[in-house]
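To keep things clear, I will list the structure first and then write my remarks on it.
The values are calculated or read from the model by the stated rules, or taken from the named source; none is laboratory data. If you're wondering where the values come from, they're calculated on a predicted model, not measured in any experiment. Reconstructed Cβ throughout: ideal geometry from the backbone, glycine too, with neighbour counts over all protein chains shown. We work out accessible area using only protein heavy atoms, side chains counted, and drop any ligands, DNA or RNA first. Shrake-Rupley method; radii C 1.70, N 1.55, O 1.52, S 1.80 Å.
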Amino acid sequence: MSTRKYFKSFLSFSLGTWLRAFIYVFTTPIITYLINPEEFGKSAMYATAFGVINTIVLFGTDQSFVRFFYDYEEDKKNELLWSCLLPSVIIATILSMVVLVLSDRISVALYGQKYDFINLIFVVNIYLSLFQRYNQLIVRMLKKGMLYSLIDIVAAVSTTVFTIIFALFSRTFYSIILGGIVGTICALLVGISQGRNYWKITRPEKEDLKEVLKYSAPFVPTMLLFWLSSSIDRISLRQYSTFVQIGIYSAAFKVAQVLSLVQSGFTTFWVPMAYERYSKNNQDTSFFVRANEMVSFVMFSVGFLLLGFKDILFLLLARSYRESSMVFPFLSFLPIMYSISETTVVWINFKKKSYWHMLITTVSALTNYIGNTLLVPIYGARGAAISTGISYIVFFWMRTLVAMRLYPKAGYNLKKVTLVTILMVCVALIETFQNSFVLNMVMGILGVIITIFVYKEPFMIIKNELQDVLKSRL
């Protein structure tokens with residue numbers, strides 16, 4: 001596939017994520033005016049609890065679905081789907097009963113008081129999210145980029161619209177949660193309507209179930225550790241700080257989602273393409289090196305732009321959330337380092353050494369735990385952001401160094417990513433403890449210029465491709 005075809009394929013898959021980013025940039029401020037930081041913080045605790053339950057429910061079977069999708073004949077893919085889905089449905093049912101029985105205790109632990117119906121909503125959300133996960137995977141593995149983007153857009157628009165509508169009636173965290181559920185339902189209906197054959201119910205074969213579970217089981221502890229690493233920030237804030245600080249942190253996280261959506265769009269496009277490329281030519285390291293440099297250039301450039309102009313974005317938020325602008329800088333490392341690591345970690349997956357993921361995630365989680373324990377009591381939300389950002393840098397290096405140990409011929413240029421990462425850490429550290437609009441803008445622009453200088457080749461490729469696309473349209 002030519003560079004232009006890859007570029008067009010990426011655009012088709014990422015179109016939805018870019019539009020979601022656009023929607024979030026313009027609607028997050030509206031939501032901050034309707035819902036105060038304390039209620040925003042409670043919605044973050046709901047999301048944190050939902051994350052761990054969702055990880056357990058999936059049981060890594062979604063990874064099995066991706067891994068074996070191309071091994072099944074077209075008319076047998078529904079058998080693979082239900083072999084993956086059935087164990088998750090059983091686990092979801094068991095956990096739902098536990099959640100409902102312990103409803104009051106869970107509510108007090110998460111939100112500080114009892115809330116009616118919140119755990120019933122939680123249970124409904126478990127099943128909806130499970131089916132939506134496979135809904136997206138089917139479209140993704142079929143490489144239907146525009147449909148995937150359509151699902152993203154429908155989810156984002158419906159979530160935003162209904163969150164605002166619910167918030168007009170009840171300015172509580174219920175509005176955020178119910179808005180998200182409506183968005184999931186709408187996205188699910190769009191996807192399933194386009195892939196009904198894959199959802200045809202069938203009874204899984206025992207051998208298929210065994211194969212799925214054998215492959216998926218090792219992912220569970222790794223995913224739980226990854227959830228822990230990603231959630232220690234909010235857990236620490238709940239332990240050492242207040243719901244207001246959690247709300248401020250969550251607002252900064254929302255802005256960081258602009259980058260996370262770029263990461264999501266890339267990962268969606270990248271994973272099936274990487275496996276397909278490796279299956280055709282398992283010695284072609286140059287392809288993955290080029291991808292690494294391209295992604296590094298794009299993510300660092302967007303990251304510096306957001307750091308440079310973050311104050312403008314946060315001025316749009318309600319006054320009670322303005323402190324979030326000083327929380328944001330280190331949160332930008334989450335999508336940046338994760339995206340770049342996706343281009344290096346492939347060699348761990350190709351070599352089927354999935355047990356390394358557990359060690360990598362453990363080290364990252366331990367780094368985040370120590371950092372949050374030390375910094376949150378002193379700096380609150382800013383301390384949580386610093387610790388989480390550093391843990392993702394560790395996560396990238398662990399993934400990359402292990403991959404290069406397993407395949408020394410990988411050939412990645414680590415000097416470039418090291419230089420730009422150090423520069424971005426310095427900029428983020430300065431912006432976390434001072435809030436000069438002019439200084440932040442200057443540092444952001446200089447960061448982009450240096451990134452272009454370091455990554456000259458990918459910059460020229462993207463520049464030429466965009467020029468060619470524009471010329472062909474004129």
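Pairs are defined by a Cβ separation below 9 Å, a sequence spacing of at least 6 or placement on different chains, a first member in region 29-54 that is assigned to a helix (DSSP H, G or I) and open to solvent by 30 Å² or more (accessible area, probe 1.4 Å), and a second member that is charged (D, E, K, R) and modelled with pLDDT under 90; the pairs so defined are Ala47/Arg234.
Right, Phe122: touching a helix residue (DSSP H, G or I) at 6+ places or on another chain (Cβ under 8 Å), part of a helix (DSSP H, G or I), open to solvent by less than 50 Å² (accessible area, probe 1.4 Å) and under 27 Å from Phe243 (Cα atoms) or not? Full working, then the answer.
Values: touching a helix residue (DSSP H, G or I) at 6+ places or on another chain (Cβ under 8 Å): yes; part of a helix (DSSP H, G or I): yes; open to solvent by less than 50 Å² (accessible area, probe 1.4 Å): yes; under 27 Å from Phe243 (Cα atoms): yes.
It is true that Phe122 is touching a helix residue (DSSP H, G or I) at 6+ places or on another chain (Cβ under 8 Å), part of a helix (DSSP H, G or I), open to solvent by less than 50 Å² (accessible area, probe 1.4 Å) and under 27 Å from Phe243 (Cα atoms).
Tell me yes or no: at least one residue of region 141-161 is closer than 24 Å to Lys352 by Cα and touching a helix residue (DSSP H, G or I) at 6+ places or on another chain (Cβ under 8 Å). First the steps, then the outcome.
Just the residues of region 141-161 that are closer than 24 Å to Lys352 by Cα, to begin with: 141-143.
In the following step, the residues that additionally are touching a helix residue (DSSP H, G or I) at 6+ places or on another chain (Cβ under 8 Å) were identified as 141, 143.
Taking every residue of region 141-161 in turn, at least one turns out to be closer than 24 Å to Lys352 by Cα and touching a helix residue (DSSP H, G or I) at 6+ places or on another chain (Cβ under 8 Å).
Got a sec? Which of Ser107, Ser88, Ser129, Ser96 is open to solvent by less than 50 Å² (accessible area, probe 1.4 Å) and within 17 Å of Lys42 (Cβ to Cβ)? Working first, answer last.
Numbers: Ser88 fails: within 17 Å of Lys42 (Cβ to Cβ); Ser129 fails: within 17 Å of Lys42 (Cβ to Cβ); Ser96 fails: within 17 Å of Lys42 (Cβ to Cβ).
From the options Ser107, Ser88, Ser129, Ser96, the qualifying one is Ser107.
Residue check: Val417 meets all listed conditions (1) out of contact with any Lys or Arg (no Cβ under 6 Å at 6 or more places or on another chain); (2) part of a helix (DSSP H, G or I); (3) surrounded by fewer than 22 Cβ atoms within 10 Å (Cβ to Cβ) but one, namely (3).
Inside region 118-158, can you point out the residues that are of a type in the set (Phe, Trp, Tyr) and at pLDDT 90 or above? So that I can check it myself, show each step before the final result.
First, the residues of region 118-158 that are of a type in the set (Phe, Trp, Tyr): 122, 127, 131, 134, 148.
Selection gives Phe122, Tyr127, Phe131, Tyr134.
Flag not set for Ser149, criterion: open to solvent by less than 10 Å² (accessible area, probe 1.4 Å), more than 30 Å from Phe69 (Cβ to Cβ), in contact with a Phe, Trp or Tyr (Cβ under 9 Å, 6 or more places away or on another chain) and part of a helix (DSSP H, G or I).
Kindly establish whether Leu307 is open to solvent by 10 Å² or more (accessible area, probe 1.4 Å) and either assigned to a helix (DSSP H, G or I) or farther than 25 Å from Val289 by Cα (or both). Against the criterion (open to solvent by 10 Å² or more (accessible area, probe 1.4 Å) and either assigned to a helix (DSSP H, G or I) or farther than 25 Å from Val289 by Cα (or both)), Leu307 does not qualify. For region 55-78, which residues satisfy the criterion of being open to solvent by 40 Å² or more (accessible area, probe 1.4 Å) and in a helix (DSSP H, G or I)? Those that are open to solvent by 40 Å² or more (accessible area, probe 1.4 Å) and in a helix (DSSP H, G or I): Ile56, Gln63, Arg67, Tyr70, Asp71, Glu74, Asp75, Lys76. Filtering region 214-244 to residues that are open to solvent by 30 Å² or more (accessible area, probe 1.4 Å) and of a type in the set (S, T, N, Q) leaves Gln239, Ser241, Thr242.
One residue is enough: does region 191-205 have a residue meeting the conditions acidic (Asp, Glu), assigned to a helix (DSSP H, G or I) and over 26 Å from the mean Cα position of the chain (by Cα)?
Taking region 191-205 as the starting set, the residues that turn out to be acidic (Asp, Glu) are 205.
Add one more test, that the residue is assigned to a helix (DSSP H, G or I), and what stays is none.
No, region 191-205 has no match at all.
Just a yes or no: is a residue in region 384-406 open to solvent by 50 Å² or more (accessible area, probe 1.4 Å), touching a residue at least 24 places away in the same chain (Cβ under 8 Å) and over 20 Å from the mean Cα position of the chain (by Cα)? Break it down stepwise before answering.
To start, the set of residues in region 384-406 that are open to solvent by 50 Å² or more (accessible area, probe 1.4 Å) comprises 390, 397, 401, 405.
Then drop every residue that is not touching a residue at least 24 places away in the same chain (Cβ under 8 Å), which leaves 390.
Then drop every residue that is not over 20 Å from the mean Cα position of the chain (by Cα), which leaves none.
No, region 384-406 contains no residue that is open to solvent by 50 Å² or more (accessible area, probe 1.4 Å), touching a residue at least 24 places away in the same chain (Cβ under 8 Å) and over 20 Å from the mean Cα position of the chain (by Cα).
Here region 424-464 is the region considered, the condition is being open to solvent by 10 Å² or more (accessible area, probe 1.4 Å) and assigned to a loop (DSSP other than H, G, I, E, B), and the residue that is farthest from Ala384 (Cα to Cα) is Ser436.
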